[in-house]
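A quick write-up on the structure given underneath.
The values are calculated or read from the model by the stated rules, or taken from the named source; none is laboratory data. Just so you know, these numbers come straight off a predicted model, no measurement behind them. Cβ placement follows ideal geometry from the backbone for every residue including glycine, while neighbour counts extend to all protein chains displayed.
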Amino acid sequence: MTGKTNPGLPAPFENTYFRERALKAANRQKQGNILVSGSKPDNGQGLPLPYIHDVPGLCRGSYPYDYECEWGCFKYEYELSAYIFTPHNGQLPPGWERYDLQTPIQPVTAVIDRARRLATVKTKDREIVLRDVPVGESPYNLLQQVNAALAQSCQPFVAWRLEWVNGEVDRLWPDGVPQIRNEHGSAYVTGYAHDDAGNLIYLGMVGHKTVLESIRATIQARQRRKLFLQGRPVYPLATHYCQTWQHLPDYGAYHATLIADPALPGKWHPGEEVVYLLVFEGEDDGDAQAQHMLAVRLAETLPIPILDEWNTSLWEVARKKELVVRMETCGDCQEGYIVQLCENAWKEVVIGLIRANKIGMFSK
């Protein structure tokens, strides 16, 4: 809001009619008047006030009022495109408690961050951030969309000016979205995890359902040398893969995930020599989550007792001894580890930690 222009950004956009109307409404509110919008606020045209035609039991009023209801009367003000409400007994119609009718409406500037699809409104005492703003709209339509969002949240503000800022956002795929393909088609990848040999542990992909079904069939059939991730072959494990499907109707596509059974708690089968730990996007502390999962998975797979409070100590030693090895992950799979299930090696780890007084045999 410095007034400076940036040649790479649109020039500030103003609609002085919105500003003048907001100031006139504020002057009436300062005089103690209760205002009601004559236009539906959620279309970006009305003021952020209760909408008159949402009032229960509304009917035509007797002169000089335009409408009446059991709570009071409404008189139309042409210069405001709004009504002044006069209550009968000090009570207000239901639903109006959501609005701060005592605070005068304030004209504001909305700062648009196109990279993050955000609109930010700052005043002396608050900051409002609107998300998923349609930044590709024309400035006039965008201004209406911002005002509609403010009105829907019952905020006493009217945006009359737009400014744009340079926004940088961390991209999930800085070098472009990777693809996975088989001999019949390809799909974009949302995340993956595989070991150094290319054995596929987790795959998230998005695309047309027929293509995703084809890739899923390749994986479930354990077809080797038939699957390529960014041109590099990846290999299905000789195990079952659990799958989830999500329809994305707005994009005419589907999102599918496949996770090998050894990466899921409760899915390990005796005789398998490894399990996998996967940490996905949204976990607050990936390391702490991986350490917790390690204790859980060891308790599930080893015949020796493993307590939850040992997780940090076990993790430190296991990483040094390479009993836990990091996998290659990307996208929505933030971290992935291979856990070797060598019973004798884990017994040595546990006994060594007990002798060093770093863990105890009894839960606290």
> Residues in region 153-176: is at least one touching a strand residue (DSSP E or B) at 6+ places or on another chain (Cβ under 6 Å), over 27 Å from ALA110 (Cβ atoms), surrounded by 18 or more Cβ atoms within 10 Å (Cβ to Cβ) and at pLDDT 90 or above?
Replying inline: no
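Among the listed residues ILE201, ILE128, ILE180, which satisfies the condition of being among the hydrophobic types (A, V, I, L, M, F, W, C) and within 22 Å of the chain's Cα centre (by Cα)?
Numbers: ILE201 fails: within 22 Å of the chain's Cα centre (by Cα); ILE180 fails: within 22 Å of the chain's Cα centre (by Cα).
Going through ILE201, ILE128, ILE180 in turn, just one is among the hydrophobic types (A, V, I, L, M, F, W, C) and within 22 Å of the chain's Cα centre (by Cα): ILE128.
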> Is it the case that some residue within region 44-53 is under 28 Å from PRO139 (Cβ atoms) and either among the aliphatic types (A, V, I, L, M) or not assigned by TED's automatic domain parsing to the domain that holds LEU150 (or both)?
Replying inline: yes
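Say we look at region 12-52 and pick out the residues that are of a type in the set (Gly, Ala, Ser) and at pLDDT 90 or above; which of these is surrounded by the most Cβ atoms within 10 Å (Cβ to Cβ)?
ALA25
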>> Name the single residue that is farthest from the chain's Cα centre (by Cα) among those in region 235-258 being within 15 Å of TYR188 (Cβ to Cβ) and either outside the structural domain of ARG222 (by TED's automatic domain parsing) or surrounded by fewer than 12 Cβ atoms within 10 Å (Cβ to Cβ) (or both).
In response: GLY252
> Among the residues of region 322-364 satisfying the criterion of being part of a strand (DSSP E or B) and among the small types (Gly, Ala, Ser), which is nearest to VAL279 (Cα to Cα)?
Replying inline: GLY336
> Checking VAL55 against (1) farther than 30 Å from ILE112 by Cβ; (2) surrounded by fewer than 18 Cβ atoms within 10 Å (Cβ to Cβ), which single condition isn't satisfied?
Replying inline: (2)
> Counting residues that are in contact with a Gly (Cβ under 6 Å, 6 or more places away or on another chain), which strands (runs of 3 or more DSSP E) fully inside region 175-246 reach at least 1?
Replying inline: 186-194, 199-207
